[in-house]
Amino acid sequence: MIHIPKGTKDVLPAESYKWQYIEGKARQISKIYNLKEIRTPTFEHTELFQRGVGETTDVVNKEMYTFRDKGDRSITLKPEGTAGVARSFIENGLSSAPMPLKTFYIIPAFRYERPQAGRLREFHQFGVEVYGSATPDTDAEVIAVANDLIASLGLKAKLYINSIGCACCRKKYNQALQEYLRPNLDKMCADCQSRFDKNPMRILDCKVPECKQINQNAPTIIEYLCEDCQAHFLAVQNYLKIAGIDYAVNPNIVRGLDYYTRTVFEFVSEQIGSQGTVLGGGRYDGLIEQIGGPSTPAVGFAAGLERLLLLMENTGVAFPEEPAPTVYLAGMDDACRQKAFEIAVALRKAGIPCEVDHMNRSIKAQFKYADKLQAGYVAVIGGNELAQGVMNVKNMSDSTQESVPFEQATAYFSR
Ligand code: HAM
């Protein structure tokens, strides 16, 4: 038998309505916020992620699905959505569209990570990217989209925000951080040692206990924000208050991707194990320029659909019932089954969900199957009914029965 690749999952027919429900909510909220869907390819040139997401990140360094195609190009399955959308923004000249340009996407993403609960090698993201506005209300609006998504699914997750400043504040901060870390560097893990010169702030994200302990008393970026970044961060918080969104400032939120500037945020739950971040994002004012476009401020986030689903399941949030067929048309013999098929054609044209027998089951077995499908009605056509041009309709919730002429079937079930 050929097995599914490690770290991937099938969504089976009995489960897919849960995905549709979450995706439906994401689309609904996107509409309310006037976000328009953008679809970009599942694979891009590897260079996009190297330059966009950043050479010092785990995602680019260790986790990308990269291969040479038959034309000897280096191709990568996208590990996240932001870089592809940014590439499309530049390539399609979207900077000349009226700003802000507000987009969303629902995508598969690929990272070669060690699989565990909430961590897969192929996973799915609902993401939002807004271009062209540097104002703090835009950051707050993007966070509000995320907050609405989580609330609309009946979930609770804690919002942590931070500002990692601009290149200017970060330069000063990195120096201070390096000074603090240097005496203990030899006690830190190999990853942190290699991050020390390239991207010291990422050290704060390390989960190794020794590193975590050393990091505990490290200076925070907030102490090093320049006046403009500080004002921006305070204004974002003011807008979050206006929106009635609870948050906590957490100076350890530094994010794992290189493109962020100023506001960063994560929604975290303690109820799905160690992979508790259900959603993460932030501002990335330098990315478009970094990959060859015109200087364009931007802000966005992505939520992991598997983690949202896991959180819903772990906290017992009810999914709306999957819609069952309105009616099951049961036929006793071939002639009756043919009539049932004919009526089903008419009902389906009228948009009425219905089901017929395809397995040559007995009437009793058809009833049993209709019950499993949770059909609202079972319409039985036997020899007598066929002769009289009627079907015997049983309401499955109260067991009442009625005789309904064939020609009235559509009118009867569209009530
Ligand atoms: P990220 O934090 O790398 O950010 O991923 C966002 C979300 O994707 C995570 O919070 C998590 O829910 C989900 N996720 C990430 N990796 C996995 C995995 N291996 N298995 C399951 N779920 C996963 C980004 O991807 C940025 N592009 C977000 C963004 C958009 N920032 C600005 N715009």
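Can you pull out the residues in the stretch 34-44 that are part of a strand (DSSP E or B), loosely packed, with under 15 Cβ neighbours inside 10 Å and touching a Lys or Arg at 6+ places or on another chain (Cβ under 7 Å)? Matches in the stretch 34-44: K36 only.
Just to verify a result, which residue in the stretch 92-121, among those that are part of a strand (DSSP E or B) and surrounded by fewer than 16 Cβ atoms within 10 Å (Cβ to Cβ), is nearest to the ligand (Cβ to nearest atom)? Please lay out each step first, then the result.
Within the stretch 92-121, the subset part of a strand (DSSP E or B) is 101-110, 116, 119.
Of the ones still in play, those that are also surrounded by fewer than 16 Cβ atoms within 10 Å (Cβ to Cβ) are 108, 116.
Values: P108: 11, Q116: 9 Å.
Checking each candidate, the answer is Q116.
Which residue out of E289, E270 is modelled with pLDDT under 95, out of contact with any strand residue (DSSP E or B) (no Cβ under 7 Å at 6 or more places or on another chain) and more than 19 Å from D139 (Cα to Cα)? Residue meeting the stated conditions: E270. Filter the stretch 285-342 down to residues that are in contact with a Lys or Arg (Cβ under 9 Å, 6 or more places away or on another chain) and among the β-branched types (V, I, T) and give me whichever is farthest from I90 (Cα to Cα). Result: T315. Scanning the stretch 295-328 for residues that are surrounded by fewer than 23 Cβ atoms within 10 Å (Cβ to Cβ) and under 30 Å from H358 (Cβ atoms) gives F319, P320, E321, E322, P323, A324, P325, T326. Taking the conditions (1) under 22 Å from A26 (Cα atoms); (2) crowded, with 22+ Cβ neighbours inside 10 Å in turn, Q271 satisfies each one other than (2). Look at the stretch 101-121: where a residue is within 15 Å of F43 (Cβ to Cβ) and a partner is polar (S, T, N, Q) and in a strand (DSSP E or B), sitting 6+ places away or on another chain with Cβ atoms under 6 Å, you get I107/Q125; A109/Q125. The number of residues in the stretch 19-51 that are away from the ligand (no atom under 16 Å from the Cβ) and within 15 Å of the chain's Cα centre (by Cα) comes to 5.
Within the stretch 18-33, the presence of at least one residue that is surrounded by fewer than 17 Cβ atoms within 10 Å (Cβ to Cβ), assigned by TED's automatic domain parsing to the domain that holds E91, aliphatic (A, V, I, L, M) and closer than 25 Å to F89 by Cα is confirmed. Per the listing V85, V130, the residue uniquely under 16 Å from L287 (Cα atoms), touching a Lys or Arg at 6+ places or on another chain (Cβ under 6 Å) and either in the same structural domain as R262 (by TED's automatic domain parsing) or near the ligand (Cβ under 10 Å from one of its atoms) (or both) is V130.
So, in the stretch 188-231, of the ones that are basic (K, R) and in a helix (DSSP H, G or I), which residue ends up surrounded by the fewest Cβ atoms within 10 Å (Cβ to Cβ)? Applying the filter and picking the extreme gives K198. Selection of the stretch 267-293 for residues being hydrophobic (A, V, I, L, M, F, W, C) and not in a strand (DSSP E or B) yields I272, L287, I288, I291.
Out of P323, P353, P297, one residue alone is within 30 Å of P136 (Cβ to Cβ) and within 34 Å of the chain's Cα centre (by Cα). It is P297.
Restricting the stretch 269-292 to residues that are of a type in the set (V, I, T) and either more than 9 Å from the ligand (Cβ to nearest atom) or not assigned by TED's automatic domain parsing to the domain that holds D246 (or both) leaves a set whose member that is farthest from G304 (Cα to Cα) is I291. Contact map, the stretch 166-184: first residue within 20 Å of V264 (Cβ to Cβ), second residue of a type in the set (V, I, T) and surrounded by 12 or more Cβ atoms within 10 Å (Cβ to Cβ), Cβ cut-off under 6 Å, separation 6 or more or different chains; pairs are C166/T261; Y173/I221. Would it be correct to say that I161 is away from the ligand (no atom under 11 Å from the Cβ), crowded, with 21+ Cβ neighbours inside 10 Å and assigned to a helix (DSSP H, G or I)? No.
Could you list all residues from the stretch 134-146 that are within 14 Å of the ligand (Cβ to nearest atom) and among the small types (G, A, S)?
Step one: filter the stretch 134-146 for residues within 14 Å of the ligand (Cβ to nearest atom), giving 138-139, 141-143, 145-146.
Of everything in the stretch 134-146, just one residue is within 14 Å of the ligand (Cβ to nearest atom) and among the small types (G, A, S), namely A146.
Just to be sure before I move on: is V145 assigned by TED's automatic domain parsing to the domain that holds R307, farther than 30 Å from N314 by Cβ, in contact with a strand residue (DSSP E or B) (Cβ under 6 Å, 6 or more places away or on another chain) and hydrophobic (A, V, I, L, M, F, W, C) in the structure I sent? In short, no.
Please determine, by comparing only the residues of the stretch 371-406 that are part of a strand (DSSP E or B) and of a type in the set (S, T, N, Q), which one is surrounded by the fewest Cβ atoms within 10 Å (Cβ to Cβ). Quick ask: steps written out before the conclusion?
Within the stretch 371-406, the first condition is being part of a strand (DSSP E or B), and the residues that meet it are 377-381, 390-395, 401-405.
Still in the list and also of a type in the set (S, T, N, Q): 392, 395, 401, 403.
Working: N392: 17, N395: 12, Q401: 13, S403: 10.
Going through the qualifying residues, I end up with S403.
For L305, state whether it is under 30 Å from G376 (Cβ atoms) and within 12 Å of the ligand (Cβ to nearest atom). In short, no.
For the stretch 236-249, indicate whether the set of residues that are part of a helix (DSSP H, G or I) and within 16 Å of the ligand (Cβ to nearest atom) is non-empty. Yes: the stretch 236-249 contains one or more residues that are part of a helix (DSSP H, G or I) and within 16 Å of the ligand (Cβ to nearest atom).
The values are calculated or read from the model by the stated rules, or taken from the named source; none is laboratory data. Small disclaimer: the values here were computed from a predicted structure and weren't measured. No Cβ is skipped: glycine too gets one built from the backbone with ideal geometry, and neighbour counts run over all protein chains shown.
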